[in-house]
Structures are given as C-alpha cells and as structure tokens.
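To start, the structure itself, in structure tokens.
The values are calculated or read from the model by the stated rules, or taken from the named source; none is laboratory data. Keep in mind that what you see is a predicted model, and the values were worked out from it rather than measured. Protein only, heavy atoms only, side chains kept; ligands, DNA and RNA dropped before computing areas. Shrake-Rupley method; radii C 1.70, N 1.55, O 1.52, S 1.80 Å.
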Amino acid sequence: ILFTREMDYLEIFAGDASGNPVAANADPPAAFQYVRARTRSGPGNSAWTVVTYRIAPSGSLERQNANGSWSLVTPQFNGVIYSEEYIPRLTGPGRTNSNQPGSARPAVAAFAQLTIVPEEGARITSDLVYEDQPCTGSLRRGANNQVVRAECENLDAVNVLGIFSPGGDIEIGHNNWDADHNAPRDVRIQASILTSNGVVRVEDYNQGS
C-alpha cells in the first residue's frame, strides 16, 4: 500500500466483517485486518479523503469503494504500508476504558504481519497491540524493586508489526496542545521499531505532565 500525499492519520485495527474493531480477547476473533488513512485527495491543500483497505487471513488485499463494496487489489499482500510523507498520527483502535491499558483493542489481527514505512517519520498516538498475545503481563518492578518479566508461553503467535523510518524519527506523542496527537498514559506498543537516520523517543519527554 503506497501513500504519496500529505497524511492526517494512519489507523490500523483488527476488525469484524462489518468493519468494527474487535475487543481484546474477542470471540470470535477478527475477520480482517483493516488499514485506514486520511490523506489529501490531490496536490497542495486539496480536500481530505479517507481510504480504507482490508486484509483477509488468506492474504488478499481489498480496497473499499465509495458505495461500501470492496474491490480486490491483490490476492497476496506483502504486508508493507509505505508513506512518502510524515505520519502525524499513527494510531490503533483505542481503548474501551481510557484509564485501563489492558482494555486496548487490538491493532494487529492474529493472522496479520505488517511493516509500516513512514519515509519522513511518524508519531505514535495510541496503543498498538497484538490480537494474539505472545506474552502475559509486562516488564515491571515488583516487591523489593525486583524486576518481574512477562511470561511468554505463546511464542507460536504469528501476528507482528514493524515500524521503520528511513529518514525521520519515530516518536510517541506527548505534550501536544491537541490531545489527538498524544499517546495515552501507560501506552502499550508491541512492535519492532527502527530508524536509519533518526531516533525512537517520547516527544517532549522532559516536559508536560
């Protein structure tokens, strides 16, 4: 999937056949992996337009038409989502309870393997979690300040997310006046993140609340 124009957001989520995000630990599991973006419809300050793709467990990639139907793009999607522009908001489907990180709905379906490549960098503004969790718990400090590791007993899980920027930074949104550009407290990000020439960091890490 290639995006060449200015982007407002890129959203990924595990969803049902109707295009609704599934809840954490949903039964039945997600039917599709969705990719939705809001971009300029043309050069310059043209109007914004929203485009939605969905990926089936078989690997086929479809694009949604204006009437709500779907058209086949390729029978075998390679998982790469490439943006030539900066992504101001790289987001998942959000939480069902904003104060509970564990309520984050899955951004990556159990069968999906995605690589997001923002040429000029990106800002992560929500939880990005797997539907099929390889581990339970998380790295934390326990009693007497001892390190407690997650228990990883589901290492056969195939869902995976990579975020790679060739020319920019990958930031976790923080301290922006627009709340939509900030990640939630105790954000959960399950991904491999890499930059060639930039850094991976929390935006304004030493400022704000």
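The GNM of the chain, with springs linking C-alpha atoms under 10 angstrom apart, assigns the highest mean-square fluctuation among Asp27, Asp169, Asp180 to Asp27. With all protein chains in place and a 1.4 Å probe, the accessible surface of the stretch 96-197 carries 44 percent carbon and sulfur. Summed over the residues of the chain and divided among them, the accessible surface reaches 54 Å² per residue at a probe radius of 1.4 Å. Report the residue, chosen from Ala191, Ala122, Ala183, that carries the largest GNM mean-square fluctuation when the chain is represented by alpha-carbon nodes joined by springs under 10 Å. Greatest mean-square fluctuation among the candidates belongs to Ala191.
Our coupling estimate for the stretch 99-110, obtained by passing each phi through the Karplus curve with A = 6.51, B = -1.76, C = 1.60 and θ = phi - 60°, is 8, 10, x, x, 8, 4, 6, x, 8, 10, 5, 4 Hz, Gly and Pro reported as x. In 5 Å bins starting at 0, how do the alpha-carbon pair distances of the chain split up by percent? Over the chain, the share of Cα pairs per 5 Å bin runs 1, 7, 14, 18, 20, 18, 11, 5, 2, 1, 0, 0 percent.
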